[in-house]
Structure formats: structure tokens, C-alpha cells
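K.L.:
This structure is in C-alpha cells; I'll ask about it shortly.
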Amino acid sequence: MAELAQEQALFSANVEEWVQGHTGDFVLIKGTEVVGFYPSLQQAFAEGSKRFGLTPFFVKQIIPANPLNVSFFGAHLLSA
């Protein structure tokens, strides 16, 4: 939504910093205000609904830009 462009820009400008302490959390942003960080989408959305009612607000999960995915194909791993 074009009306959330300001919030998206704030998110993009800060996500790398937020990854350091809030990976996996959901950030709630309204305009230029970072309202808070929440452990679940439901909590962030509930707070946004409580504060802003039916007006648009921004909620997005904080994840690294290039997350590391590691897969192990085998049941036996050697250990020292």
C-alpha cells in the first residue's frame, strides 16, 4: 500500500540493526513511530488495532536479509 510507504522505508532503514536484538519478533510502526516489538504477529496486530483502530498500521517480522539455512542429510554425525 502506498499509504504505508513511510513505514516500509523506516523498516528498511533499521531492519539490519533490529536483527541484532529482535530477530523473529514483529515490529509495529505507525508513521515515523516505532510503537514496539512483539514476540508474535497476533500480539503486534492486537496492539495496533487497540491503538489505531481501523486506520492502517505496519507490522512486519524481523528476519535477516540473507538467513542461513543448514540442512543435514544423514542420520549419523561423527563427533570428536
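K.L.:
Tally the residues that are loosely packed, with under 14 Cβ neighbours inside 10 Å and in a helix (DSSP H, G or I), restricting the search to segment 8-50.
P.N.:
Of the residues in that region, 12 qualify.
K.L.:
Further, regarding this structure: Out of all the residues in segment 57-75, which are under 26 Å from Val35 (Cα atoms) and either modelled with pLDDT under 95 or over 22 Å from the mean Cα position of the chain (by Cα) (or both)?
P.N.:
Ile63, Pro64, Ala65, Asn66, Pro67
The values are calculated or read from the model by the stated rules, or taken from the named source; none is laboratory data. What you see is a predicted model; the values in this text were computed from it and never measured. Cβ atoms come from the backbone with ideal geometry, glycine included; neighbour counts cover every protein chain shown.
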